Amino acid sequence: MEQPSLHEWSRYTPRQRFQRYAYFALATLVVAWALGSVNIVWAWVWDAPNQMGDLFSRMVPPDPANLDQILSALLDTVNLATIATALAVVLSLPVAYIAAQNTTPNAVTLWIGRFILVSSRSVNTIIWALLFVAIFGPGIVAGIVAIMFRSIGFLGKLLGEAIEEIDPKPVEALQACGASHFKVVLYAIVPQVMPTFFAVSILRWDINLRESTVLGLVGAGGIGVILQGAIDTFNWQEVSTVLIAIIVLVVAGEVVASYLRRKIL
């Protein structure tokens, strides 16, 4: 009796394997071209571990002489992030409403909302800070406006997507009963997006707390001002104190954000 032939199983066909190898080769060529086109001083790269060790040795032990100023700057940083987040939440609500396809009044308002979201998220917070420092001058006001502008795109996009994903049945039911547009929004849309609203607001506050620690490097207030001053004067022991304070602040912000998410959500 003739035995049936046994075929070795293969996940990919020869054509698929060839395509995968071609993609890998192309990616390798692109990476090699990118490295070749960048002006890298490799001597500095190989010497980096020695320089890092020397720098860290200068940062030990931390100098707590200006601890009171550092704590005051940390408080300013928290206030900066909190105020900017609150303003961004308020301003992002109408943007999210007109950027959602199922609630925007017409195509013009849809594209206006989408343009605001894209333009806000396309510019980094540091760039916004540089712009508003030139407008408002150095200080915390420039930092608040910079973080607010950056946050509007983040909050508006996520809230707009949440609005687009709502269940349309409650909306249709209220419209069939003759409810006004305001009541449809208040009783059919808002309850469905409320969990997302709180979640993204807390998340954005946590992100803004981290971003606000570096805005002082460009003169936009916060703990970054003291950090930049310590770096400029080569006071590396104070730099280490500021870095430890920033780490503690970020960890505390993460703990607070996690607690709020558990309690609210």
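Using Cα pairs closer than 8 Å and at least 6 residues apart in sequence, work out the relative contact order for the chain, in percent.
Working: 280 pairs, mean separation 65.0, N = 265.
About 25 percent, as a whole number.
With a sphere of radius 15 Å drawn around the Cβ of Gly224, what net charge do the other residues whose Cβ falls strictly inside it have (Lys, Arg +1; Asp, Glu -1)? Present the calculation step by step, with values, prior to reporting the outcome.
Values: positive: Arg210; negative: Asp76, Glu211, Asp232, Glu238.
My count for the surroundings of Gly224 gives -3.
I'd like the carbon and sulfur percentage of the solvent accessible area for segment 111-265, probe radius 1.4 Å, heavy atoms only, ligands and nucleic acids excluded.
Working: 5680 of 7990 Å².
Taking all protein chains in place, segment 111-265 shows 71 percent carbon and sulfur surface.
Take each of the peptides 92-102, 170-180, average the number of other beta-carbon atoms within 10 Å over its residues, and list them starting from the highest.
Ranked by mean Cβ neighbours within 10 Å, highest first: 92-102, 170-180.
With the contact rule set at Cα under 8 Å and sequence spacing of 6 or more, what percent relative contact order holds for segment 118-265?
25 percent
Going by the alpha-carbon gyration tensor, a ≥ b ≥ c the square roots of its eigenvalues, is segment 151-194 rounded (a/c under 1.5) or, if a/c is not under 1.5, prolate (a/b greater than b/c) versus oblate?
prolate
With a 1.4 Å probe and every protein chain kept in, tell me what percent of the accessible surface of segment 32-110 is carbon plus sulfur.
The C+S portion of the solvent-accessible surface of segment 32-110 is 70 percent.
Heavy-atom accessible area per residue, segment 181-234, 1.4 Å probe: how many Å²?
Here the residues of segment 181-234 average 45 Å² of exposed surface.
How would segment 173-230 be classified by its alpha-carbon gyration tensor: rounded, prolate or oblate, with rounded meaning a/c under 1.5 and the a/b versus b/c comparison settling the rest?
Taking the square roots of the gyration eigenvalues as a ≥ b ≥ c, segment 173-230 is prolate.
List the relative contact order of segment 1-144 as a percent without decimals, with contacts defined as Cα pairs under 8 Å and 6+ residues apart.
Result for segment 1-144 is 15 percent.
Taking the solvent-accessible surface of protein heavy atoms with a 1.4 Å probe, what is the per residue accessible area of segment 1-139 in Å²?
On a per-residue basis, 76 Å².
The values are calculated or read from the model by the stated rules, or taken from the named source; none is laboratory data. Because the structure is predicted, anything quoted here is derived from the model rather than measured. A quick note on method: Cβ atoms are made from the backbone with ideal geometry, for glycine too, and the neighbour counts reach across all protein chains shown. What goes into the accessible areas is simple: the full protein's heavy atoms, side chains included, and nothing from ligands, DNA or RNA. Shrake-Rupley method; radii C 1.70, N 1.55, O 1.52, S 1.80 Å.
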